[in-house]
Each structure stands twice: as structure tokens, then as C-alpha cells.
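Notes to accompany the following structure.
The values are calculated or read from the model by the stated rules, or taken from the named source; none is laboratory data. The model shown is predicted, which means the values in this text are computed figures rather than measured ones. A quick note on method: Cβ atoms are made from the backbone with ideal geometry, for glycine too, and the neighbour counts reach across all protein chains shown. Ligands, DNA and RNA are stripped out before the accessible areas are found, and what is left, the full protein with its side chains, is counted by its heavy atoms. Shrake-Rupley method; radii C 1.70, N 1.55, O 1.52, S 1.80 Å.
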2 protein chains.
Amino acid sequence: MKRRKTREVRIGHLTIGGENPIAIQSMTKTKTEDVEATLAQIKELEEAGCEMVRLALPTLSSAKALSKIKEKTNIPLIADVHFNYKIALQAIDSGCDKLRLNPGNISEKDKIAEIARKAKQYKIPIRVGANSGSVKDGETLVSSCLREIKLLEEEGFFDVVVSIKGIEIEETVSAHREMAKVTDYPFHIGITEAGPIFSGSIKSATGCGILLSEGFGDTIRVSLTAHPVEEVRVAKEILSSLNLRHFGPEIISCPTCGRCKIDLFSIAREVEEKIKDRASLSAKRGAIMGCEVNGPKEAKRADFGLVGGIRCLVFRGGEIVDRVAEEDAAKAVLAEILK
Amino acid sequence: MKRRKTREVRIGHLTIGGENPIAIQSMTKTKTEDVEATLAQIKELEEAGCEMVRLALPTLSSAKALSKIKEKTNIPLIADVHFNYKIALQAIDSGCDKLRLNPGNISEKDKIAEIARKAKQYKIPIRVGANSGSVKDGETLVSSCLREIKLLEEEGFFDVVVSIKGIEIEETVSAHREMAKVTDYPFHIGITEAGPIFSGSIKSATGCGILLSEGFGDTIRVSLTAHPVEEVRVAKEILSSLNLRHFGPEIISCPTCGRCKIDLFSIAREVEEKIKDRASLSAKRGAIMGCEVNGPKEAKRADFGLVGGIRCLVFRGGEIVDRVAEEDAAKAVLAEILK
């Protein structure tokens, strides 16, 4: 997986593109004017590992409220603006760290130019973000973005991030391939309106998996009809499944079958829950395995492991370090990880 | 996404490879000798949409028990055999529809030849299934499979399915690319030991998504440390996210944001639950959307839809057919789908 070469774009204290880690972002689902509720959700997102937060600014008053939110958080804030270009200007005055404009609903040359001049003056990057649900008639996801990018570039504005999100994975992937041929702006990736948590997580993972495998993606937002913390959890899991980021030890564990003599489901769940997101742990991988078919080799290759049996074998650094009964297995493995 | 050309292989009443739908399989997690428990789990799997079921046969007595299971089910049964080639011979006698052999633990020429002759006589296909956890020292996933395939072919046996499952997605993808250059045998895809349900589902979706996007996959097994019905649910979701299979209407729904004025989470969940797996429904897609940004266009493009607002708009076939209050929205949309 060779990552696409992109230019760097600075968003508050964060830089995306180039060799920087693929940043995780999400969006608050509170009314932005409700400053307390929005700040509370930002805090939850930050604790879950979110690195940038977008807020909907449907009105001028919500864009004004952004300044109160900005005072109380350090996480880069992205203003999500549709239809009304004056909201974008107000968002910059309110201290947003990045603007998201939708080429499908603000497209007049003079308005884009005015936003570009102000954004340039305040060093605020702009995401040109097209979605299949708001592309203008006669345009495609790609042509829509390119039209708006051209207007920005005519004002000497190049701090651009691009997103092209279709509801069909295939359409989204082709659009990225096409766009990558003509720009080096970083890509914000995601599958739009992916759906409720179960189907939406799977669809986001298949879609983003394909995009990432082709080297696309400098920041990721998983869209789920669910609490935004779930979006962050799924994004982290997608990135770590491809070894693109590391957020704590990965647990591999066998599905079990008629060979397995222990309750591996409970052991794997307990171990996973206790070490989730413990990025400070030195162990990168643990293997919780049911039997002798794939167990010993995977447990040896991992930083720690367990192989089920009448006495369960506990591994660390490739060696058997303990033999324990089933009921002590989770505890014994956790002790090795946390050493 | 151009599907790799593969030869057809018949497994009981099912054919995989060629232009056939990518078949979903799973594995029972019961003791195979416990015929009642195993049959009960097979029934659950079948009801969930599983199309082939694999059973672990760690002993000769479990291979004998297979015949009692075979009497009471019509779903193709796959015998999972490791270490002892006599179990494979017994599995054929017991009426299995396919054998899975692991080249990492049964590899002697004469034993493979004996299995091949008997499998040929009874028209039983063989999956040569390598996993990173049981590859012999000095071999790779690919070389291990090719060695065993050669032994089968020397006996004139060509009813082969291949699986090459690494715990690393990148390693798995490269192995498929390499194998595809040298054989046209159908691929059974999956990521081995993917882990507990949340991380395992995401890892399976990113991994299988990449494989499927490259055209690989004639049958899929998602391995989760969870009830096997979950494996089937995830496999179905992966395939439908890429439009490779259709199991009932897909729900796209927006993540919501500060613009949304209704409880879209509950509405989307209710609609999804009521239509899940209703493959007989003519509608292919529904769009449950929170606001006017992407809502109207997605709702029009879908077979049915909802756009939130003070009065929610209900769409069918691209037209607004109703305007309802939030509390009636799920019911109104469901009425349109089920019409």
C-alpha cells in the first residue's frame, strides 16, 4: 500500500497530508448554539481519540456561537457551511480552524472569491466537500470539486482538502482515482450516509479499506447514524486493521470451532476490553487462540498469547511463560501484557 | 470491480466459481459429536442466510458423527480436517460435500494421493486452505498451497478451492495476487483470526473489501470470536455494501448533525430492523435523511425515503407521497416499502 503523495495542510495545531498520520475526525450532532452540549460532545470525542471536530453552522447565530466554543477547547474546529456564504465569513471571524464548503450549494464566483480572500488572510484551510446527495445537476462529484477548486486557486488559495463521497463505494473509488490524477490536495475520505451502526460500520470499512489500500486518505470521517464516538471507534479500527495507525494492542483471536475446549469468547472479550486504546502499551499484538491448529504459531509470533487446552498455555515474546486453568486464563494473559 | 475468472466447483447442490454468486459460509462452534447441538446451530446458520456449513472433525468419532448430521440437513457440509488423513477418508464415507485440508499439517504425498483418489471417486471437492498460523517452516501461504495442489493434480484431481488467510491484510492481499497469476481455482476468502466481534467485523470488512475490489472471492467466511450467526450477518453486509449480493433493501441514512431536528437514529434503526433480510422486497434502497443538504436528492434517487423537518417528507419512487409528523415517520416510510 503506497500512500498517495499529497501536500501538507495545516488545521489549527494539526497538519494533515504528506507523511503525517491519517487524522481521525468526526462531527458533533448537537445544536451548535447549545454551547454546553456541544462542548460536552467535543470532550467525549476527544477522549475517544478524535483529532478534529466539525460543527454544523446552519445559521449566522450558530456561526457566532462557534466563538464561545472555540474559547473552551483546543481541538481543531471545522465549520460546516452550506448555502449561505456569509456564514463562512462569520465562521472565520469566530475562530474556526478549517472551513468545509459544499460545491453543490455555494458556487457563485464572487462569493467563493470573497471567502478565499478572507480564509487566505487568516490562514484557514478549506475543504471542498462534494457528496452525491448535493451535486448540482449536470455535474459529477469530481467536476463539481474541480470547478470550486479553480475558483479558489484563481484567488491564489491553495490550502485545500478535497472530499468526494458517494453512497456507492465503486463510484467513490473511481472518483478518487480520477481526482488523484489532477491534484495533490489531501483527501478527506469516507462513505456518505453509510447508515445505522452495524451496516454503516461495515460499509465504511469496506469502502475506506479499498480507498486506503489504493493509497488515498489523509483524514478520515466515518459517517454513522449513531453517537459520534462510534464514528471515531470505527475509524480507529479501520486504520489499525491496515496497520496505518496504532492505538493499543491488536487482539487476534480464533473464531473457535468444535475443537475448542474453553470459553474463548469471554476470554477474548475480557482481554480486549481491558487493553482497548492503551496506546502506551509496548505490546502491538496478542493472540487468543482455541487449539493446537493455528494456536501455537500465532501465539509465538504475537507479543503475548494464549492457547486453549486442558491447561491453557500463556505466551510472552514467543515463549511459554505460564500454564493455567481456563478460569485464570484472562487474568494471566493480562498480567503479561501489563508487565 | 472485475471479477477474477475462475472454474466452477460443485459442493452438494451449490456451485461456486465462474459467474455464480459469492457464497456465504460459516462454521459450527459446537462439538460435532453433539449431533443435536450441531444440527441446531446449522439451522440457525441456515435461517441467517448461510449457504454452506463447515464442521470441525478433530477425531475419527466426530467424522463418524457427521453421517448422522448429514441425514438431517440439506445444506452442503464441509469437513474440516487437520493432522490425520484418515479423518478425511472417514468424512467422505460419512457423506461430507467438501473437504478442507490444511497443507500445513497433512502433507505426505501418499496420504494426499489416497484422499484425492477417494474424493475423485465420490466427486467431493477439496479446499486447500492455508492459514498464517499453520504454514510449515520455510513455506509461505502461497507455496504451501501450491505444493499440496500439485499433489492433488498428480492424481488427476482438479475440484479444488483455495484459501490463503493471513492475519495481516496486506500479506493476505499480496498472496491472492500471486496465487491468481498461477491458478484459476475459486478462492475462499477471509481474514483469519480476525478477533472479537467489533474489531473482527471491521478487520474482515476492510480486508475482504480490498480482496473483492480486486475481483477475488467465490465464497466468503468471516471469522469472528462470536456466535457464527454474526459471521453470516457480517459477510452479507460486506457483500451487499459492494453490490455483489442483495439481501433486502439497503438503508442509507445520514449521520445527522446540528441541522437535524428529528430523532433520526431511532427512525433509521426501526426501519432497518423491520426490513432486514427481506430479500423479497422489490425496493433496493431507502434513504433516511435528516435535512435539506443531501436529503431531497438522496430520497429521490432511492426507492423510498424520508427527509426530516417540521413536517417530514416521505418519498417513493422519486416523488413526495406524504408529509407526516416526526412520530409517524417510521410507520409512514415502512408503509411505503411494504406496499
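When the charge dipole of segment A:213-290 is built from unit charges on Cβ atoms (+1 for Lys and Arg, -1 for Asp and Glu) and taken about the Cα centre, the candidate among A:ALA235, A:GLY258, A:ILE220 whose Cα reaches farthest toward its positive end is A:GLY258.
Could you order the peptides A:6-16, B:224-234 from most to least packed, using the average number of other C-beta atoms within 10 Å per residue?
Numbers: A:6-16: 18.8, B:224-234: 25.2.
In decreasing order of mean packing, A:6-16, B:224-234 become B:224-234, A:6-16.
Summary for A:SER266: label point 7 Å along Cα→Cβ; distances to the equivalent points in the other copies, ascending, 3.6 nm. Computing Rg and the Kirkwood Rh from the Cα coordinates of the protein assembly as shown gives a ratio, Rg/Rh, of 1.00. Once both labels are positioned 7 Å from their Cα atoms along Cα-to-Cβ, the gap between A:LEU60 and A:ASP110 label points is 1.8 nm.
Please report the base-10 log of the normalised intensity I(q)/I(0) for segment B:78-215, using a Debye sum with one equal scatterer per alpha carbon and no solvent, at each q in 0.16 (1/Å). So the normalised log intensities work out to -0.80. A DSSP coil position with no more than 12 other Cβ atoms inside 10 Å describes the following GluC sites (Glu not before Pro) in segment A:72-180: A:GLU108.
Here the accessible area of segment B:9-241 is 50 percent carbon and sulfur, with a 1.4 angstrom probe and all protein chains present. Helix content alone sets the calculated 222 nm mean residue ellipticity of the protein assembly as shown: runs of n ≥ 4 DSSP H residues at -39500 (n - 2.57) each, divided across all residues, give -12500 deg cm²/dmol.
Here B:LYS120 yields copy-to-copy label distances, from shortest upward, of 7.6 nm, the label point defined as 7 Å from Cα along Cα to C-beta. Label-to-label distances for B:ARG278 across copies, nearest first, come out at 4.6 nm, using points 7 Å from Cα in the beta-carbon direction. The residues of segment B:1-116 present an accessible area of 40 Å² per residue when probed at 1.4 Å with all protein chains retained.
Where the eigenvalues come from the Cα gyration tensor of segment B:9-241, what are the semi-axes √(5λ) of the equivalent ellipsoid, largest first, in whole Å? Walk me through the intermediate numbers first.
Values: eigenvalues 112, 102, 49 Å².
The answer is 24, 23, 16 Å, longest axis first.
Compute the FRET efficiency between B:ARG4 and A:GLU170 as 1/(1 + (r/R0)^6), taking r as their Cβ-Cβ distance and R0 = 22 Å, and round to the nearest 0.05.
Numbers: r = 17 Å, r/R0 = 0.75.
After rounding, the FRET efficiency stands at 0.85.
Taking every residue in B:291-302 and counting other chain Cβ atoms within 10 Å of its Cβ, the average works out to 5. Remark: C-alpha extents of segment B:25-88 on the principal axes read 32, 20, 18 Å, sorted largest to smallest.
Taking the highest mean first, how do the peptides B:314-322, A:127-135, A:310-318 order by number of other beta carbon atoms within 10 angstrom per residue?
Values: B:314-322: 16.7, A:127-135: 25.2, A:310-318: 18.2.
Sorting B:314-322, A:127-135, A:310-318 by mean packing, highest first, produces A:127-135, A:310-318, B:314-322.
Around the amide H of A:MET27, modelled in the peptide plane, lie the amide H atoms of A:ARG54, all under 5 Å away and 5 or more residues distant in sequence or on another chain.
Under the simplified labelling scheme, the B:SER143-B:LYS331 pair shows an inter-label distance of 6.8 nm, with each label point 7 Å from Cα along Cα→Cβ.
Peptide A:165-178 is shielded by partner chain Cβ atoms: per residue, an average of 2 of them sit within 10 Å of its Cβ.
The Kirkwood hydrodynamic radius of segment B:157-220, based on inverse pair distances between different Cα atoms, is 11.9 Å. Computed over segment A:1-45, the percent of Cα pairs more than 14 Å apart is 61. Using the structure shown, select from A:LYS236/B:LYS203; A:LYS261/B:LYS136; B:LYS29/B:LYS68; A:LYS261/B:LYS31 the pairs with a Cα to Cα distance greater than 20 angstrom. Beyond 20 Å between Cα atoms: A:LYS261/B:LYS136. Relative to the longest principal axis of the Cα atoms of chain B, the long axis of helix B:109-121 makes an angle of roughly 60 degrees.
Of all aspartates and glutamates in the structure, the ones whose alpha carbon falls short of 14 Å from that of B:LYS86, not counting any fewer than 8 places away in one chain, are B:GLU108, B:ASP110, B:GLU114.
When the expected Rg is taken as 2.2 N^0.38 Å, what fraction or multiple of it is the alpha-carbon Rg of segment A:1-114? Intermediate results must be reported in sequence, preceding the final value.
On the way: Rg = 14.6 Å, N = 114, 2.2 N^0.38 = 13.3 Å.
Taking the Cα Rg and dividing by 2.2 N^0.38 Å, one obtains 1.10.
Cα centroids of segment A:147-209 and segment B:279-339: 26 Å apart.
So what's the net charge close to A:VAL53: Lys and Arg +1, Asp and Glu -1, counting the other residues with Cβ under 14 Å from its Cβ? Net local charge, A:VAL53 excluded: +2.
Cα-Cα pairs above 15 Å in segment A:240-309: how many percent? Numbers along the way, then the final one.
On the way: 1225 of 2415 pairs.
The share of Cα pairs beyond 15 Å in segment A:240-309 comes to 51 percent.
Counting only other chain Cβ atoms within 10 Å of each residue's Cβ, the peptide B:224-230 averages 5.
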